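One structure below.
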Amino acid sequence: MKRLFLLFLCIQSASVFSQKTTEVLSSSRLKEDREITIGLPASYEKNTGKSYPLLVLLDGDYLFDPFQGALSYGAYWDDLPEMIIVGISQNKNNERETDCTVDETTGLPAEKGEKFFEFIGLELVPYIQKKYRTSPFRIVAGHDITAGFLNLFLYKDQPLFSAYISLSPELATGMEEQIPERLNLIDQQIFYYQSTADGDVKKMQKRIRALDNEAKAINKPTLNYKFDDFKGSTHYSLVLHSIPNALYQFFAAYQPISNNEFTEKIATLPSGYVDYLSNKYDILEKTLNLKTPIRINDFKAIEAAILKNKAYAEFEKLAELSRKNYPKSMLADYQLGLMYEKTDDLKKAIKSYQNAFQKEEIGELTKDMILNKAEELKGKLWVYTYSQVTKIMYPSFKLGEKGEVIIGLPESYEKILTKKYPLILLLDGDYLFDPFHGELCYGAFGMIIQRLFSLV
C-alpha cells in the first residue's frame, strides 16, 4: 500500500508540472548561449485567461527539482499557487562563479557579474514575459554565492522581483548593513526570506545573522520577512528545509481557511464574517497579484461562523459574494434559503431552495440535498400555515343525518379579522384533502379548506 501511495504521489507531481522543457537562450549581454529550464503548470494550456507568478532560480541545475517538488505538493493541497518556474543553468562549466562577480570594494556587480545581472533583467525576464502568461509577482531564489548575488536587485529603486529567497547567502561587501537599509526604504511590497544553520559555513553564519538582526527590527506593513536558523543541518541540507518554509511564508494569505484560523480569528469575531472573507481575497490580489475565485470550503467556513454566532442577516451579503464568484451555481440561493429558514420565513426559504434546485451543483451541494431541504420545510409549513384544523359533526336537515367535516383555517385567520379567504369545498375529501392541503400550504394561498367525509 505504501509503495502504491508513493507511486500515486509521483504521478500527481508529474501532472501538476507536466510541461518541463529546456531551451537555449542567446544572450547579447553575455555574448554566449545560456541554457534555461522552464516548468509550466498542468493547467497552463487549459486556463488560457490565467496568468501565473514567475519563479526565477539561480543555480537552476540543482534547485529546480526541489522547488518544483515543493510547489507540486503545495498546489495539490491548494496551499500554494501554481507558478511558472525558470531555472538558469550555472554549473556545467562553473559559470556561477563568474556570473556572480562583484567589486570587492563596492559590492556591486562587476565584469561578467554586471553582464549577468543585465541578462536577467533585460533579456531573460522580458523573454519569459513575452512568451508566457506571467503575473507581476516575481520571485528569485539562489544558494550560496547566487543567494548573495540576488540581493543586488534590491538596490534598484523599483526592484525587478517582489520576493527573494536567499539560502545561506555568501554576502558581498556591506550587504549585512545595506540590505536592511534597502528593505526599510523600498515602498513597494517586498517578501524576503533567508536561512542558515548551525552546520553552515562559519564565516557566512556571522554576517547572515547580522543581517537578520537589522532586518527583523524593521516594522512596516509592506515588508514580509522571515529568517530560519536550522539546528542539525548543513550548508547543503538546509536547502530542503528552507524551500517550503519560504514558499509557505510568502503565500500564507493564499492558503484555505484552516481550523486554527476559523477558531482563533473568525468564530471569535462579533460580526463582519463576510467582510473577513472578502478582505482575505483582496489581500491576495493587492499583495500577490493573484486573482482567484473564493474557494467553496472558505464559503462553508464563513457559513459555519454565521450559524455558530446566529448572525443570519450576513447570509444576504454572503449570497451576493457567492453569486459574483459562482453565478451559475446553486450556492447563493442555498445561502438565502438558510437565512430565511433560520429566521422562520419558511415560504421564502422554500422558494430559495427551489431556485437553487434549478442551478448547477457545486461542492457538497447537490440537487437531492436541496430537494430534501425543500420537502422538509414543506412539512413544517403544513403545520405552521394550517395550524387551526378542527373536526366537527355537521347535521344535515336535508339528508336527515350528520356528516363528519374537517375545516382547515390559515394561520393568519385569527390575526387579520377583516380579511376574507377563498373557500374550497372538496368532495371525495377522503383522498383529495391531503394533496390539496399540501399544495395550498406550499403555495401559501391561505384558503379555507373544508373536508367532507362520508356521512355517518
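No lab work stands behind these numbers, since they all come straight from the coordinates. Being a predicted model, the structure only gives us computed values, none of them experimental. For neighbour counting, all protein chains shown are included, and Cβ atoms are generated from backbone atoms with ideal geometry for every residue, glycine included.
Approximating the spin labels as points 7 Å out from Cα along Cα→Cβ, the Ala313-to-Gln158 distance works out to 4.6 nm. The charge dipole of region 236-348, taken about its Cα centre with unit charges on the Cβ of Lys, Arg, Asp and Glu (plus for the first two, minus for the last two), comes to roughly 200 debye. 3J(HN,Hα) couplings calculated from phi for region 126-134 with the Karplus curve 6.51 cos²θ - 1.76 cosθ + 1.60 (θ = phi - 60°) are, in sequence order, x, 4, 5, 4, 6, 8, 10, 8, 9 Hz; Gly and Pro show x.
Please say if region 139-194 is rounded, prolate or oblate, where rounded means a/c under 1.5 for a ≥ b ≥ c the square roots of the C-alpha gyration tensor eigenvalues, and otherwise the choice is prolate for a/b larger than b/c and oblate otherwise? Oblate, because a/c is 1.5 or more while a/b does not exceed b/c. Report, in debye and to the nearest 20, how large the dipole of region 246-309 comes out about its Cα centre when Lys and Arg carry +1 and Asp and Glu carry -1 on their Cβ. Magnitude of the dipole: close to 80 debye. Pulled fully out, how much extra length does the chain show between Thr268 and Glu214, if you take 0.36 nm times their separation in residues and subtract their Cα-Cα distance? Taking Thr268 through Glu214 to full extension adds about 15.9 nm, to one decimal.
Where does each of 252-264, 345-357, 160-172 land if you order them by average Cβ count within 10 Å, highest first?
Details: 252-264: 13.8, 345-357: 19.9, 160-172: 24.5.
Listed from highest to lowest mean packing, they are 160-172, 345-357, 252-264.
Each residue of region 60-69 was assigned a 3J(HN,Hα) from its phi angle through the Karplus curve 6.51 cos²θ - 1.76 cosθ + 1.60 (θ = phi - 60°); the sequence is x, 4, 10, 8, 4, 5, x, 5, 5, x Hz, with glycine and proline shown as x.
Multiplying the sequence separation of Ile407 and Leu425 by 0.36 nm and subtracting their Cα-Cα distance, what value in nm do you get?
Details: separation 18, 0.36 × 18 = 6.48 nm, distance 0.99 nm.
Roughly 5.5 nm would be gained on extension.
Less than 5 angstrom separates the built amide H of Phe191 from those of Ala163, Tyr164, Asn224, all sequence-distant by 5 or more or on a different chain. Pair-distance distribution of region 104-213: all C-alpha pairs, bin width 10 Å, starting at 0; shares per bin in whole percent are 13, 46, 32, 8, 0. Rounded to the nearest 20 debye, the dipole magnitude of region 104-209 is 360 debye, with +1 charges on Lys and Arg beta carbons, -1 on Asp and Glu beta carbons, and the Cα centre as origin. If the Kirkwood radius is taken over C-alpha pairs of region 22-127, then at 37 °C and 0.692 mPa s the Stokes-Einstein diffusion coefficient equals 217 µm²/s.
Remark: region 223-331 is approximated by an ellipsoid whose semi-axes, taken from the C-alpha gyration tensor as √(5λ), come to 34, 16, 11 Å, largest first.
Take 232-242, 358-368 and order them by the average number of nearby Cβ atoms within 10 Å per residue, most first; the result is 232-242, 358-368. For Lys50, the lysines whose Cα falls under 24 Å of its own Cα, not counting residues fewer than eight places away in the same chain, are Lys20, Lys130, Lys131, Lys280, Lys286, Lys291, Lys324, Lys328. Among the listed pairs Lys31/Lys115; Lys265/Lys310; Lys342/Lys419, which have their C-alpha atoms separated by more than 19 angstrom in this model? Checking Cα-Cα distances, Lys342/Lys419 exceed 19 Å. The distance linking region 192-209 with region 69-124 is 20 Å (Cα centroid to Cα centroid, whole angstrom).
Applied to region 212-227, the Karplus parametrisation 6.51 cos²θ - 1.76 cosθ + 1.60 on θ = phi - 60° returns per-residue 3J(HN,Hα) values of 4, 4, 6, 5, 6, 7, 6, 10, 8, x, 8, 10, 10, 10, 8, 10 Hz, with x for Gly and Pro.
Extension gain Tyr236-Ala110, at 0.36 nm per residue separation less the Cα-Cα distance, in nm?
Numbers: separation 126, 0.36 × 126 = 45.36 nm, distance 2.70 nm.
Going from the current span to full extension adds 42.7 nm.
Rounded to the nearest 0.05, the FRET efficiency derived from the C-beta distance between Asn47 and Ser278 at R0 = 25 Å is 0.60. Ranked by the mean number of other Cβ atoms within 10 Å per residue, highest first, peptides 218-230, 319-331 order as 319-331, 218-230.
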